[in-house]
Each structure stands twice: as C-alpha cells, then as structure tokens.
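S.K.: One structure is given below, represented as structure tokens, and several questions about it will come after.
The values are calculated or read from the model by the stated rules, or taken from the named source; none is laboratory data. Just so it is clear, the structure is predicted and the values come from calculations on it, not from any experiment. Methodologically, a virtual Cβ is constructed for each residue, glycine included, from the backbone with ideal geometry; neighbour enumeration extends over all protein chains shown. Only protein heavy atoms, including side chains, enter the accessible area calculation; ligands, DNA and RNA are left aside. Shrake-Rupley method; radii C 1.70, N 1.55, O 1.52, S 1.80 Å.
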Amino acid sequence: MSSKFAIKVEQLSKCYHLYDKPQDRLKQMLLSRAKTYYREFWALRNVSFEIAPGETVGIIGRNGSGKSSLLQMICGTLSPTSGTVTTHGRVAALLELGAGFNTEFTGRENVLLNAAILGIPQEQMLGRMDEILAFSELGDFLDQPVKTYSSGMYARLAFSIAIHVDPEILIVDEALAVGDARFVAKCMRRIKDIQKTGASILFVSHDVSSVRTLCDRAIWLDKGRMLEQGDVFPVTGRYMEMMFQDDDAATNEDEKVQAVASISMSGVDLPGIRESLHSAEEVALDSRPTTHWGSHKGLILSASVLDTNGTRRDVHEWGSELDVKISLRIPANISREHLSIAVSIKDLKGSDLIVSTTHDFAAMRLPDAEQFEVSFKLTNPLVTGKYLLVAAVENRLHRDIHYYEYIEGAHYFSSLADQRFFGLFQPPIAQEVVVPTVSARQEVLAAWSK
Ligand SMILES: Nc1ncnc2c1ncn2[C@@H]1O[C@H](COP(=O)(O)OP(=O)(O)OP(=O)(O)O)[C@@H](O)[C@H]1O
C-alpha cells in the first residue's frame, strides 16, 4: 500500500428518520413530499479522521454513540447523509452479527459469496476452505443454512472468513465478544498476526482493556460526535473517567451526596488537602496522572514506589525489595467496614500486571485514624521496561466496586534487569534438577503399567 492513509473519513454524518408509527413511514413514501412525518436523529455528526497503513485504532464510546453506524459507512453497507469515506486496500469487515451473510445459504456458500464480493477468485477460496473450517470449528454445520446458526456460530464463521481473505484493512465490531473465552482469545491472537502483516485495523469494543492491548490510538465518539482522538492510553483513561462519573451518578447519588455533605461538615476541604500538605511534608504524586477520578478525589496524599530506604525512586532494579506506599487522609465519616486500598502496577499499555488490595486480606480493617499509610511490599519481578502505579480507594460493599478515588499514573517508574527475561514479569524462581534413583524410576514405571 503506497498511499498515505488506509482510511480517510471526512465530515461524515448520518441522519436517521424516526417515525412514531409504522403508518407514518408509509404516508411519507406515498403521500407527501412537502410534509414530513418523521423526526430527524443524527447518529453521527461531522466526524473526520485518518487511519494510516499499519495502524490499529480503537473506537470507543457509550451505547448508541454512533460506532456501528460509522463502521457500516466505512464498509459501504450504510450510505452517509453527508461526508465521504475513502479506503485504500482490501477491506474485510466483521460487523454486527450476520452483516454480509445470506442466511438461506450454507456457511460454505457464504464463504464463497464473501470472497466473490471481495474479488477473491473462487479457486483460491476453495483452497482455503479446510483452514476456514478448522478455524471456525463449525464441523458439519458449515453445510447447513446460516439461519440455523447460533449467534456464536455466526461470529465464528464471520471471523474465520475475515481473517482468511488477506485483509489490508480489517474492521472488527464487538462481534468478538460473542463466543466462549477460548475462541475470543484465539481471535485476538489472529488479529495480532494480521497486525504484523502491516494491515490497518479498526476495532470497536466496549472493553477498554482489549482496546488498550491491541490499539495504538483511540477515537472516542459521544452522541455522534468525535470527542477525542489520540494515544490509546490517555484517551481510554478519560473515557473510563467519564463512564465512572456516569455510573456514579446513576447508582451512588445518595451515597455521594451524603458523603460529600458530611465531609464538608467535618470541615475537610477536599481540594485543599493536597495543597496544604504539599508544604508540610513531601507529597509524592506524579503531576501528570493519566486518569484521576472518584467520588472523593483528594483522599490519596501520595502514592510511590519506594526502595528499602524509603526513598521514592524512578528506577528500580529487578529483584530488589519494593515498598509501594500509599498515604491517605480519609475522614471518619467514610466507613472503614468495606473500605479497601488497592494498588496496581501496569505496563504503559494499561494492562494490569500486579494487583493487590487490602480487601484481599479478609482480616485487614483499616484504621479509624484519619491519616494513615498502607504499604505493599514485594520483590521486584518487573523485567526491564517502563511501568506506572495505580492507587485507589474503594468501597467493596457491593460486587461492583465503588471508587472513592482512582489515580492511574500516580508514579511512573522503570525497572532495570541485568539479564534478559522473556516473560512479561519474572518472579525469582528456585530451580532444581533431580535425577531419579533406579528404584524411584521403577516405582514410576510400575505405577504407569497398572
Ligand atoms: N436504522 C436506524 N434507524 C434509526 N435509528 C438508528 C438506526 N440505527 C441506529 N440508530 C440509532 O443511532 C444511534 C447510534 O447507533 P449505533 O448503533 O451506530 O451506535 P453504537 O455506538 O454502535 O451503539 P452500541 O454500542 O449500542 O452498539 C443510536 O441511538 C441508535 O438507536
């Protein structure tokens, strides 16, 4: 692909016509061009972006923010109200379930139909049929009409086709979420293989962690408009922050109002805490946390990865002792009963590598004192690389964790190992080589032969 972009979307908009009654649609078609029987609903408004060849971009946004409409317009299965889409390269799409299938045809016939639409010669596709069959795990169902498939089978067929047509542009809608975890993992592996071939990938998911794992960049849609685009980590971080605020507003409004009211009654000026302590003691929080949210921001005074001397360091040696220390000031009116302090060490893509919470230790009740510190001590298992610390204050009363405060990127630091490790992280491992004695070998053989 020699062009500068794989996908270019310019001022793209989509307006749906909404009818209150089915008759109105008929009236609009038959009776009047002068009168409108519908309401306009703009699912997408003036969205513009470019995807470079070889780039993987995640599209995130709440339900109904216009993600599927955007993808369908890029694939050409939905026409825009205004604006243009230009693509360079063969587009394989994994859209909402079933899009692009003829449900009366068998799976095998649909493979050939899709290949024909993409201009792939039939012989070439027939040559790959065994591979497609194996990947899809459809067995005899490949020769049954697609209308008899479960949604999981549908997704498996669609995915198998999409990855066997050598796409230069792969478009994946949430369809991956359908099917068991093993198949989803298998799909993710294949998407990564396709990434390595230099294809451009547009990936829509509600799951921020898979967007972070896979994508370089993220585009955030909200109510049909592009709210942000940029590096995947900060954009998804702010998206999570907004989702948290939404959830919080929806589910914990009473608790929040009550807590905030009682905090101000106790005379604690939340925004002022950090500033006031700044002068009094060494407060350590990176000035550029990626994300910072919660119903009670300001409880975490500092969060640092310290060495054995209690010094906050930005570089830690592999195998050295670490003390992840969180200093807190938590007003007495926040109940200690379900209170939990959590830390996570993430890589720069945002994947949790190590997570620990005081809730993990059933017996640990946090002190009633307003100000206290929690230490998480460990031997540094992190291979050479850059990492960030997440610190959180949680209420674990319900299954869904309520966050009083969540700081992602409270301390950015590196780990340095003087040897090369091949895993994501490397705890110290004791190795032992044992050569069994003759009698032990005979015992094993005797046990096998029973
Ligand atoms: N054919 C249609 N006619 C009318 N409204 C539609 C149509 N298709 C989508 N919409 C509306 O357009 C908005 C955007 O829908 P779209 O499916 O593109 O969003 P989405 O971000 O993909 O949502 P989700 O995450 O739930 O799949 C929604 O409010 C939806 O109800």
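S.K.: Does residue 85 qualify as being within 16 Å of the ligand (Cβ to nearest atom), in contact (Cβ under 8 Å) with a residue 24 or more places away in the chain and surrounded by fewer than 18 Cβ atoms within 10 Å (Cβ to Cβ)? Spell out the reasoning first.
M.R.: Details: within 16 Å of the ligand (Cβ to nearest atom): yes; in contact (Cβ under 8 Å) with a residue 24 or more places away in the chain: yes; surrounded by fewer than 18 Cβ atoms within 10 Å (Cβ to Cβ): yes.
When the stated conditions are applied, residue 85 passes them.
S.K.: Let me ask something else about it. Please specify each residue of segment 303-325 satisfying the condition of being closer than 15 Å to residue 344 by Cα and touching an Asp or Glu at 6+ places or on another chain (Cβ under 8 Å). Before the answer, list the steps.
M.R.: Just the residues of segment 303-325 that are closer than 15 Å to residue 344 by Cα, to begin with: 303-306, 322-325.
Once the filter is applied, which keeps residues that are closer than 15 Å to residue 344 by Cα and touching an Asp or Glu at 6+ places or on another chain (Cβ under 8 Å), segment 303-325 yields 305, 306, 322, 323, 325.
S.K.: Okay, next question. Quick check: anything in segment 414-430 among the hydroxyl-bearing types (Ser, Thr, Tyr) and under 28 Å from the mean Cα position of the chain (by Cα)?
M.R.: Taking segment 414-430 and keeping what is among the hydroxyl-bearing types (Ser, Thr, Tyr), we get 414-415.
Checking which are under 28 Å from the mean Cα position of the chain (by Cα) leaves us with 414-415.
Yes - at least one qualifying residue is present in segment 414-430.
S.K.: Condition first: within 16 Å of the ligand (Cβ to nearest atom) and part of a loop (DSSP other than H, G, I, E, B). Now tell me which residues in segment 1-31 satisfy that.
M.R.: Within segment 1-31, 20, 21 meet the criteria.
S.K.: With away from the ligand (no atom under 16 Å from the Cβ) and in contact with a helix residue (DSSP H, G or I) (Cβ under 6 Å, 6 or more places away or on another chain) as the only criterion, which of 117, 132 stands out? Give the derivation first.
M.R.: Values: 117 fails: in contact with a helix residue (DSSP H, G or I) (Cβ under 6 Å, 6 or more places away or on another chain).
The unique qualifying residue is 132.
S.K.: In the set 62, 90, 25, which member is over 27 Å from the mean Cα position of the chain (by Cα) and either of a type in the set (Gly, Ala, Ser) or at pLDDT below 90 (or both)? Explain how you work it out, then say what you get.
M.R.: Details: 62 fails: over 27 Å from the mean Cα position of the chain (by Cα); 90 fails: over 27 Å from the mean Cα position of the chain (by Cα).
Only one candidate qualifies: 25.
S.K.: Quick test for you: out of 189, 156, pick the one residue that is of a type outside the set (A, V, I, L, M), farther than 13 Å from residue 61 by Cβ, surrounded by fewer than 17 Cβ atoms within 10 Å (Cβ to Cβ) and out of contact with any Pro (no Cβ under 8 Å at 6 or more places or on another chain). Steps first, answer last, please.
M.R.: Numbers: 156 fails: surrounded by fewer than 17 Cβ atoms within 10 Å (Cβ to Cβ).
After ruling out the rest, the residue left standing is 189.
S.K.: Let me ask something else about it. Of these, 55, 10, which one is of a type outside the set (A, V, I, L, M, F, W, C) and out of contact with any Lys or Arg (no Cβ under 9 Å at 6 or more places or on another chain)? Talk me through it step by step, then tell me what you get.
M.R.: Numbers: 55 fails: out of contact with any Lys or Arg (no Cβ under 9 Å at 6 or more places or on another chain).
Result: 10 is the single residue among 55, 10 that is of a type outside the set (A, V, I, L, M, F, W, C) and out of contact with any Lys or Arg (no Cβ under 9 Å at 6 or more places or on another chain).
S.K.: Among what's in segment 28-51 and is aliphatic (A, V, I, L, M) and touching a residue at least 24 places away in the same chain (Cβ under 8 Å), pick the residue that is surrounded by the most Cβ atoms within 10 Å (Cβ to Cβ).
M.R.: The selected residue is 44.
S.K.: If residue 364 satisfies every condition in (1) free of Cβ contacts under 8 Å to residues at least 12 places away in the same chain; (2) surrounded by 18 or more Cβ atoms within 10 Å (Cβ to Cβ); (3) hydrophobic (A, V, I, L, M, F, W, C) but one, which is the exception?
M.R.: (2)
S.K.: While we're here: From the list 377, 349, exactly one residue is within 17 Å of residue 427 (Cβ to Cβ) and open to solvent by 60 Å² or more (accessible area, probe 1.4 Å). Which is it?
M.R.: Working: 349 fails: within 17 Å of residue 427 (Cβ to Cβ).
That would be 377, the only listed residue that is within 17 Å of residue 427 (Cβ to Cβ) and open to solvent by 60 Å² or more (accessible area, probe 1.4 Å).
S.K.: Taking the condition open to solvent by 80 Å² or more (accessible area, probe 1.4 Å) and within 30 Å of residue 86 (Cβ to Cβ), does residue 25 pass?
M.R.: On the way: open to solvent by 80 Å² or more (accessible area, probe 1.4 Å): yes; within 30 Å of residue 86 (Cβ to Cβ): no.
In short, no.
S.K.: Can you list the helices (runs of 4 or more DSSP H) lying wholly within segment 111-183 that have 2 or more residues being closer than 20 Å to residue 201 by Cα and among the β-branched types (Val, Ile, Thr)?
M.R.: Details: elements: 122-127, 129-136, 151-163.
So the answer is 151-163.
S.K.: Show the residue pairs meeting these rules: Cβ distance below 7 Å; 6+ apart or different chains; first residue within segment 348-359 and of a type outside the set (A, V, I, L, M); second residue part of a loop (DSSP other than H, G, I, E, B) and open to solvent by less than 40 Å² (accessible area, probe 1.4 Å).
M.R.: Short answer, once both residue conditions are applied: 358/366.
S.K.: Answer yes or no as to whether residue 66 is away from the ligand (no atom under 13 Å from the Cβ) and of a type outside the set (A, V, I, L, M). Full working, then the answer.
M.R.: Details: away from the ligand (no atom under 13 Å from the Cβ): no; of a type outside the set (A, V, I, L, M): yes.
When the stated conditions are applied, residue 66 does not pass them.
S.K.: Still on this structure, please answer the following. Does residue 212 satisfy being among the charged types (D, E, K, R), open to solvent by less than 10 Å² (accessible area, probe 1.4 Å) and under 22 Å from residue 68 (Cβ atoms)?
M.R.: On the way: among the charged types (D, E, K, R): yes; open to solvent by less than 10 Å² (accessible area, probe 1.4 Å): yes; under 22 Å from residue 68 (Cβ atoms): yes.
Yes; evaluated as a whole, the condition is true for this residue.
Each row is one residue, and each column tells you yes or no for (1) at pLDDT below 80; (2) in contact with a strand residue (DSSP E or B) (Cβ under 9 Å, 6 or more places away or on another chain); (3) polar (S, T, N, Q).
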site	(1), (2), (3)
200	no, yes, yes
204	no, yes, no
216	no, yes, no
259	yes, yes, no
268	yes, yes, no
278	yes, no, no
288	yes, yes, no
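Here is a yes/no grid of residues against (1) more than 15 Å from the ligand (Cβ to nearest atom); (2) among the small types (Gly, Ala, Ser); (3) closer than 22 Å to residue 157 by Cα:
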site	(1), (2), (3)
35	yes, no, no
38	no, no, no
49	yes, no, no
60	no, no, no
71	no, no, yes
76	yes, yes, yes
80	no, no, no
93	no, yes, yes
102	yes, no, yes
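S.K.: Name the pairs: first residue in segment 209-232 and over 21 Å from residue 72 (Cβ atoms) and away from the ligand (no atom under 15 Å from the Cβ), second residue assigned to a loop (DSSP other than H, G, I, E, B) and of a type in the set (S, T, N, Q), Cβ to Cβ under 7 Å, at least 6 apart or on different chains?
M.R.: Every condition considered, the pairs that remain are 209/351; 212/351; 213/351.
S.K.: What about residue 55, is it within 16 Å of the ligand (Cβ to nearest atom) and among the acidic types (Asp, Glu)? Spell out the reasoning first.
M.R.: Details: within 16 Å of the ligand (Cβ to nearest atom): no; among the acidic types (Asp, Glu): yes.
So residue 55 fails the test.
S.K.: Given the structure, is residue 203 crowded, with 17+ Cβ neighbours inside 10 Å and assigned to a strand (DSSP E or B)? It would help to see each step written out before you state the result.
M.R.: Details: crowded, with 17+ Cβ neighbours inside 10 Å: yes; assigned to a strand (DSSP E or B): yes.
It is true that residue 203 is crowded, with 17+ Cβ neighbours inside 10 Å and assigned to a strand (DSSP E or B).
S.K.: Now for a different question. Every residue in segment 397-409 that is at pLDDT 90 or above and either open to solvent by 50 Å² or more (accessible area, probe 1.4 Å) or among the hydroxyl-bearing types (Ser, Thr, Tyr) (or both), please.
M.R.: Within segment 397-409, 403, 404, 406 qualify.
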